[in-house]
Amino acid sequence: MDIPSSFTEIKQQINHGQLNLIDLCQSFINRIESSKTNAFVEIFKDESLKRAALINEKINLKKQGLLAGMIIGVKDNICFANHNVTASSKILSGFESIFSATAIQRLLDEDAIIIGRLNCDEFAMGSSNENSTYGPVRHHIDHEKVPGGSSGGSAVAVAEGLCTASLGSDTGGSIRQPASFCGVVGMKPSYGRISRYGLLAYASSFDQIGVFTNNVEDACLLTHVMSGKDDYDSTLSHVKSHTSSVKSLDKKLAIGVPEDYLNFNNLDPEIKQKTEEIIDKLRLSGHKINLLSFPFVKHLVPCYYVLTTAEASSNLARYDGAHYGYRSDEANDIDSTYELTRSEGFGLEVKRRIMLGNFVLSSGYYDAYFTKAQKVRRLIKEKTDEMLKENDVLLFPTTPSTAFNIGEINDPIKMYLQDIFTVHANIAGVPAISLPLGSHSNKLPFGIQLMGRSFDEDSLYSIAESLMQL
Ligand code: GLN
């Protein structure tokens, strides 16, 4: 069955009686079952079909919610009541959530269908989706390549047409980087826009739920539905949510381009060239381009890794063999329960980060690393706000390269540098979107990133949409 890629079209076909929700759901299930990318780790088959029948009835009575016909896959670190959630970690094997994340509940309340759970890097730590207890996710175009990470399953699911949209989480680029590698739209809203209640915590002052879609309009609608005040997340903004559909751009923009990013020495020349072409086009259509200097490029990744590992070491302390999921068979007292469960249950990268986090928080090093990194974060935030005061948006590539081979990057530092262009938005807490505007001569896609002002997703979406039209 031919499935339209945009939700607007799906809705139209449903409303005109050309598309039946049960058939739509069944077609996605068939596609997932025959896919070889390992994006889905579980399909909620019977329940999706049952829900489709129920929503069909609502459609007939014209009583359906905003998302009737929207079929969504969810990253395996977001809780859905009475479903397993494992963050792709052995330590959570068999764990079932007793409640739904606020984000999930709001989608369900508008009649979306959650079709299954998506593979990711363990506890969202990674840039290639190779750190998963379920095995790596494969790029849909070339199965020898990675899809990016940590939300690799979510990116491939949308790119391969296994669902209309998916949820991911973005702590340092985990939505935008795989969106860039896979050629889809990936949106990380402002920190505090979408409730983190029910998102398995990695680094709480950075984590943010966001979406993968085939177009800007769908991303806008979904983040609109999920956003807004929630009593379960006190960091959530009370600022009014953005609109449900993209407003058209009504003015010429000031667009900031941090030159330091374009001159980054490991930036692929074709990605650089394409970014410059886009900048020229924007200039020709009357927008003002401001070349900026951003002096903190080399501090971004270290600042991110000191702070996120510190937060992770604390957040992951709860997996102790007593409360959730896995417990070592060999454990026979309290110490061995902690030690063996955690040694056997966590993967290598997660252990590395827990140890690093404990180190930067330890009494002799706290000020030298943790406090210092917090000060650096503040400087980056202030500089970013200053750049965004004079510019409506900042534009630069999402990733320094296109997708690399599975197994190609073994050095953790090299892997961490994959995030060089994405951690900035999380450190500063601002919204950022990756748009699938690039196609490389190696036949792989890449993204262009727009970073906007905190809680001004409205502008970010309209600028993104006009850039897509351009
Ligand atoms: N790749 C980054 C990391 O490994 C970002 C992860 C994320 O955003 N969850 O931490």
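The values are calculated or read from the model by the stated rules, or taken from the named source; none is laboratory data. Quantities reported herein were computed from a predicted structural model and do not represent experimental measurements. When we count neighbours, we look across all protein chains shown, and the Cβ atoms used for this are built from the backbone with ideal geometry, even at glycine. Areas reflect the complete protein model, heavy atoms only, side chains present, ligands, DNA and RNA absent. Shrake-Rupley method; radii C 1.70, N 1.55, O 1.52, S 1.80 Å.
Of all residues in region 184-207, those satisfying the criterion of being basic (Lys, Arg) and within 13 Å of the ligand (Cβ to nearest atom) are Lys188, Arg196.
Among the numbered conditions (1) more than 12 Å from the ligand (Cβ to nearest atom); (2) touching a strand residue (DSSP E or B) at 6+ places or on another chain (Cβ under 6 Å); (3) open to solvent by 10 Å² or more (accessible area, probe 1.4 Å), the only one that Val225 does not meet is (2). Among residues of region 317-367 being under 21 Å from Pro412 (Cβ atoms) and away from the ligand (no atom under 16 Å from the Cβ), the one that is surrounded by the most Cβ atoms within 10 Å (Cβ to Cβ) is Gly345. Residue under question is Asp280, and the condition is that it be charged (D, E, K, R), closer than 28 Å to Thr86 by Cα and either open to solvent by less than 40 Å² (accessible area, probe 1.4 Å) or more than 16 Å from the ligand (Cβ to nearest atom) (or both); does it hold? The answer is no for Asp280.
Checked against the criteria, Lys272 counts as basic (Lys, Arg) and touching a Pro at 6+ places or on another chain (Cβ under 9 Å). The residue of region 390-429 that is farthest from the chain's Cα centre (by Cα), among those that are within 15 Å of the ligand (Cβ to nearest atom) and more than 20 Å from Thr309 (Cα to Cα), is Ile409. Could you count how many residues in region 286-342 are part of a helix (DSSP H, G or I) and under 24 Å from the mean Cα position of the chain (by Cα)? Number of matching residues: 22. The residue list Ala87, Ala68 contains one member that is among the aliphatic types (A, V, I, L, M) and on the phi > 0 side of the Ramachandran plot, which is Ala87.
Would you confirm whether or not region 286-309 contains a residue that is open to solvent by less than 30 Å² (accessible area, probe 1.4 Å), among the aromatic types (Phe, Trp, Tyr) and either at pLDDT below 95 or within 16 Å of the ligand (Cβ to nearest atom) (or both)? Looking for residues that are open to solvent by less than 30 Å² (accessible area, probe 1.4 Å), among the aromatic types (Phe, Trp, Tyr) and either at pLDDT below 95 or within 16 Å of the ligand (Cβ to nearest atom) (or both), one finds at least one in region 286-309, hence yes.
Can you run down the residue pairs with Cβ atoms below 6 Å, 6 or more apart or on separate chains, where the first is in region 154-165 and under 21 Å from Ala52 (Cα atoms) and in contact (Cβ under 8 Å) with a residue 40 or more places away in the chain and the partner is of a type in the set (Gly, Ala, Ser) and crowded, with 24+ Cβ neighbours inside 10 Å? If the second residue must be of a type in the set (Gly, Ala, Ser) and crowded, with 24+ Cβ neighbours inside 10 Å, the pairs left are Ala157/Ala39; Ala157/Gly73; Ala157/Ser166; Val158/Ser166; Cys163/Gly73; Cys163/Ala157.
For region 368-406, the set of residues classified as open to solvent by less than 70 Å² (accessible area, probe 1.4 Å), over 30 Å from Lys251 (Cα atoms) and polar (S, T, N, Q) consists of Thr371, Ser401, Thr402, Asn405, listed by residue number. For region 15-40, the set of residues classified as crowded, with 19+ Cβ neighbours inside 10 Å and not in a helix (DSSP H, G or I) consists of Leu19, Thr37, Asn38, Ala39, Phe40, listed by residue number.
Within region 115-129, the set of residues being more than 6 Å from the ligand (Cβ to nearest atom) and among the hydrophobic types (A, V, I, L, M, F, W, C) comprises Ile115, Leu118, Cys120, Phe123. Got at least one residue in region 131-141 being of a type in the set (Gly, Ala, Ser), part of a loop (DSSP other than H, G, I, E, B), within 16 Å of the ligand (Cβ to nearest atom) and open to solvent by 10 Å² or more (accessible area, probe 1.4 Å)? Within region 131-141, one or more residues are of a type in the set (Gly, Ala, Ser), part of a loop (DSSP other than H, G, I, E, B), within 16 Å of the ligand (Cβ to nearest atom) and open to solvent by 10 Å² or more (accessible area, probe 1.4 Å). Looking only at residues of region 407-462 that are part of a loop (DSSP other than H, G, I, E, B) and among the polar types (S, T, N, Q), we find that the one that is least open to solvent (accessible area, probe 1.4 Å) is Thr422. For Thr275, indicate whether it is crowded, with 18+ Cβ neighbours inside 10 Å, within 21 Å of Met70 (Cα to Cα) and at pLDDT 95 or above. Here the answer is no, as Thr275 does not meet what is asked.
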